[in-house]
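Structure, as structure tokens:
The values are calculated or read from the model by the stated rules, or taken from the named source; none is laboratory data. Just so it is clear, the structure is predicted and the values come from calculations on it, not from any experiment. Neighbour counts are summed over all protein chains in view; Cβ atoms, including those assigned to glycine, are modelled from backbone coordinates with ideal geometry. Areas reflect the complete protein model, heavy atoms only, side chains present, ligands, DNA and RNA absent. Shrake-Rupley method; radii C 1.70, N 1.55, O 1.52, S 1.80 Å.
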Amino acid sequence: QVQLVESGGGVVQPGGSLRLSCAASGSIFSINLMAWYRQAPGKERELVASITGGGTTNYVDPVKGRFTISKDNIKNTVYLQMNSLKPEDTAVYYCYASVRTSPSIVSRNYWGEGILVTVST
């Protein structure tokens, strides 16, 4: 019912920047929260940043001051601007959204397929 499609990943040198985008489409009544998670090789998936429907943002400590999450409510799209990238930021980045598809249905969790970000010389 709801699809999340990520874009913007790729290979970048340390110190470089990338901007990830995630567009939500389908039967959307409201979006409570959108977030970016990442999973590095051999590690568990972890939260990177989140943004509520009201615009409140949250970041994990390793990315504070370097990453910025934002959203476009008209386009149902969330962005992750990543600056000063480090090799340890290398991971598959996943988009997450908590979405209500109608006023009478509780929110459900949706995930994108993931997009690879590689920070390397």
Practice task
Would you please state which residues of segment 76-104 a label at Val60 would reach in this model, taking the label point 7 Å out along Cα→Cβ and a backbone N cut-off of under 15 Å?
Solution key: 86-96
Exercise for the section: Mind checking the per residue accessible area of the chain for me, 1.4 Å probe, whole number of Å²? Expected result: 53
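Please report the carbon-and-sulfur percent of the accessible area for segment 1-50; probe 1.4 Å, protein heavy atoms only, DNA, RNA and ligands left out. Mind showing how you got there, number by number?
Details: 1280 of 2620 Å².
Percent of accessible area from carbon and sulfur atoms in segment 1-50: 49.
Over segment 1-72, what per residue volume does the convex hull of the Cα atoms give, in whole Å³?
Numbers: hull volume 8.7 nm³, N = 72.
Looking at segment 1-72, the number lands at 121 Å³ per residue.
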Fill in the blank from the handout: Place a point 7 Å from the Cα of Val11 in the direction of its beta carbon; the residues of segment 105-121 whose amide N falls under 18 Å from it are 115-121
Exercise for the section: Could you order peptides 7-20, 86-99 by the average number of other Cβ atoms within 10 Å of their residues, highest first? Expected result: 86-99, 7-20
Problem - Convex hull of Cα atoms in the chain, direction-averaged projection (nm²) - result: 7.2
